[in-house]
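Peer 1: My structure is below; once you've seen it, I'll send some questions.
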Amino acid sequence: MVAGTPLLRRLIAVDAAISQFLHTLFHPFFPTALLLLLEISADFRFSFPICLALLFSPLSPPLLPFLSSLLFGLLLDLAVVGLTKAIFRRQRPHYNHSSMSAVVAVDKFSFPSGHSTRVFFVASLVSLSAVAIEAALLELKAGGGLPERWIVGGDEGRVVEIVVIGVFAWAGITASSRVFLGRHFFLDVLAGVCLGILEGFVAFRFLRFEDFLRHPTLSECRRGCKLSAWNLH
């Protein structure tokens, strides 16, 4: 990142100092293995295949409005973060943990934190889709696709509330871990959080392509995957 004005240079210097302070203060309290596990949990190479797996699972039809936004939102996030990193080109902290390996060239840049955008995109989308997810649970339970014992007392709304809280907790811990691990500066993470929430609104409002995902060809693929899974049992 090229520092232009004195104010911007000062902001970057303060950000770097605060980030190193937070890294030094909190890193000893969190095992590196835990921080790396949180990193993997928010990696695109982990989250995108899970989304595809859900899309081709028996859970797919009632959850299609949510899954379509999730699928295309993850692709949007990948493009936006990659472009932003290429524009700003801020170098990562010098104390970045040595376990990191860049998949593409822009991965070596720090601003914004892609993991932070991704986790808060997912969290905001889950929150915005709470009503649709609750309706999907009711439909699955009514169709026998969800065992009654999985939802105690039949309170689907309460289950969705717990899921939303859990996902936001995961997002907050994962975003914080980016500073603790030395992967990012504080402002990288803050920008990632804001960008991820914005992406969640965009995906919820504009990236709902469930009609496309209901195309007969894709429906046949999903049916074939279900039959294959049943044949394995």
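The values are calculated or read from the model by the stated rules, or taken from the named source; none is laboratory data. Source: prediction; values computed, not measured. As a convention, Cβ positions derive from the backbone with ideal geometry for all residues, glycine included, and neighbour counts pool all protein chains shown. SASA here: full protein model, heavy atoms, side chains in, ligands and nucleic acids out. Shrake-Rupley method; radii C 1.70, N 1.55, O 1.52, S 1.80 Å.
Peer 1: Tell me, please, whether a residue that is touching a residue at least 24 places away in the same chain (Cβ under 8 Å), out of contact with any strand residue (DSSP E or B) (no Cβ under 6 Å at 6 or more places or on another chain), open to solvent by 60 Å² or more (accessible area, probe 1.4 Å) and not polar (S, T, N, Q) can be found in segment 79-87.
Peer 2: Checked against the condition, which is being touching a residue at least 24 places away in the same chain (Cβ under 8 Å), out of contact with any strand residue (DSSP E or B) (no Cβ under 6 Å at 6 or more places or on another chain), open to solvent by 60 Å² or more (accessible area, probe 1.4 Å) and not polar (S, T, N, Q), segment 79-87 yields no hits at all.
Peer 1: Could I ask something else about it? Return the pair list, or none, for Cβ contacts closer than 9 Å from residues in segment 90-113 that are touching a residue at least 40 places away in the same chain (Cβ under 8 Å) and under 20 Å from Leu195 (Cβ atoms) to residues that are in a loop (DSSP other than H, G, I, E, B) and of a type in the set (Gly, Ala, Ser), at least 6 apart or on different chains.
Peer 2: Hits for this filter: Arg90/Ser110; Gln91/Ser110; Arg92/Ser110; Arg92/Gly182; Pro93/Ser110; Pro93/Gly182.
Peer 1: Pick from segment 136-168 the residues that are modelled with pLDDT of 90 or more and out of contact with any helix residue (DSSP H, G or I) (no Cβ under 9 Å at 6 or more places or on another chain): which of them is most open to solvent (accessible area, probe 1.4 Å)?
Peer 2: Within segment 136-168, the match that is most open to solvent (accessible area, probe 1.4 Å) is Ile165.
Peer 1: Let me ask something additional. Looking at segment 14-24 only, could you name the residues that are without any contact (Cβ under 8 Å) to a residue 12 or more places away in the chain and within 13 Å of Tyr95 (Cβ to Cβ)?
Peer 2: Ala17, Phe21, Thr24, listed by residue number.
Peer 1: In the list Ile50, Ile87, which residue meets the criterion of being under 30 Å from Glu210 (Cα atoms) and among the β-branched types (Val, Ile, Thr)?
Peer 2: Just one listed residue meets the conditions, Ile50.
Peer 1: While we're looking at this one, here's another question. Give Ser60, Ser41 a once-over and let me know the one that is touching a Lys or Arg at 6+ places or on another chain (Cβ under 7 Å), within 22 Å of Ser124 (Cα to Cα), surrounded by 13 or more Cβ atoms within 10 Å (Cβ to Cβ) and touching a residue at least 24 places away in the same chain (Cβ under 8 Å).
Peer 2: Ser60
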